[in-house]
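Everything on this sheet refers to the single structure shown next.
Values in this text are rule-based calculations from the coordinates and carry no lab data. Since this is a predicted model, take the numbers as computed values, not measurements. Cβ placement follows ideal geometry from the backbone for every residue including glycine, while neighbour counts extend to all protein chains displayed.
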Amino acid sequence: MKLKILIALSTLLSSGCSLAYKVLLGVDTTPKWNTDKQIVKQAKKYDIPDQYNLVLDTVTYAKDLKAIYKEAFQSLKITNGDSNYYHNLKIARKDDQQPTQFRLFDQSGKEIFKIVNCYVDAPPIDWNVEGCLDTFPPKTPFETLNIHKFDLDFLLTHSSYLNQTKLAFDALSKADYYGVIMWNEFMKRPSKRLIKTIRPYMDKPGKSIVLIYINSQNQVLWSAMDSKEKQKVKKLYSTK
C-alpha cells in the first residue's frame with residue numbers, strides 16, 4: 001500500500017529559506033511519506049550499508065529535542081532576550097531540526113562538529129561551508145553551529161533499523177570518530193552531494209572512523225502533519 005500524503009515544505013524548513021533557494025537546492029516541495037521498501041531502495045542507490053542504515057523516530061526525536069532546548073532556555077534566566085547566546089540558541093534549535101545534516105562525534109560520543117542544509121550555498125551545493133572541511137576534525141566559524149546540545153547516544157536512542165531494533169552506542173565498533181549523515185529524498189540534491197562529499201573526507205589514514213546514515217524523511221513530515229494526516233499514517237501501519 002502506498003501512502004499518498006503530500007506535505008508543503010514551507011512548514012518544514014523553518015529557517016526562513018526562500019522558495020527560490022529551495023528550488024536551487026533541488027527541494028521537492030510536495031514530498032511523500034516513504035514506506036520501508038522505498039527507504040531500502042533509496043539506501044541501496046546511495047550504497048548505504050545495512051549495518052549503519054537507520055531511520056529517525058517519527059515522534060520522540062522532535063519531542064525530546066524540544067525538551068532539551070526548553071531546559072536550556074530556562075537555565076539562562078533571561079526574560080528580555082537581549083543576550084547574544086539567547087539568540088544563537090534559538091537558531092541552534094532550528095538547526096537541529098533541519099532535514100539534511102552532517103555531525104561528527106569523538107570516541108566518547110561527544111559532538112564536536114555539525115553542519116546543516118541551511119548554511120549551504122546554492123548553486124553549487126557545496127558542503128565545505130567557509131572551508132569547514134579543509135581540516136580534520138572540521139571546524140566552523142559560525143557560533144550557532146558550535147552549540148552542541150546532545151551526543152551520539154541521543155541520536156541512536158531516537159533512531160532504529162527498519163525492523164524497529166536499535167543500534168546502541170556500546171554496540172558500535174570502537175573508533176576514533178563517529179560521523180552521522182542525516183539524509184532524505186525531498187532534499188535529494190543536498191543529500192546526494194553530502195554523502196558524496198563526506199565519504200572521501202572521512203577516509204583518513206591512521207584514523208578509525210564509523211559513518212552512520214539516518215534517514216530523516218518521515219520524521220520531518222510527521223512533525224508537519226495535522227491530526228488527520230497522522231491518522232492516515234497510523235492506519236497504513238496498522239494494516240501491514
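Details
- Extending 7 Å from the Cα toward the beta-carbon at both K204 and K90 defines two label points whose distance is 3.5 nm.
- Relative contact order of the stretch 35-219, pairs being alpha-carbon contacts under 8 Å that are 6 or more residues apart, as %: 30
- DSSP-loop trypsin sites (Lys or Arg not before Pro) across the stretch 148-234, with at most 16 other Cβ within 10 angstrom: K149, K166, K174, K207
- Here the extension length gained between K166 and E143 equals 5.0 nm, from 0.36 nm per residue of separation less the Cα-Cα distance.
- Inter-label distance for K41 and S75, nm, one decimal - labels placed 7 Å from Cα along Cα-to-Cβ: 4.5
- In order along the stretch 210-219, phi translates into HN-Hα couplings of 9, 10, 10, 10, 10, 7, 9, 3, 5, 5 Hz, rounded to whole numbers, per the Karplus curve 6.51 cos²θ - 1.76 cosθ + 1.60 with θ = phi - 60° and x for Gly and Pro.
- Long pairs among K45/K196; K166/K204; K41/K196; K110/K166; K192/K230, criterion Cα-Cα beyond 23 Å: K166/K204; K192/K230
- Fewest-first ordering of E111, E143 by other beta carbons within 10 Å of each residue's beta carbon gives E143, E111.
- The string of couplings for the stretch 127-137 from the Karplus curve (6.51, -1.76, 1.60, θ = phi - 60°) is 7, 7, 5, 6, x, 5, 9, 6, 10, 9, x Hz, one whole number per residue in order, with x for Gly and Pro.
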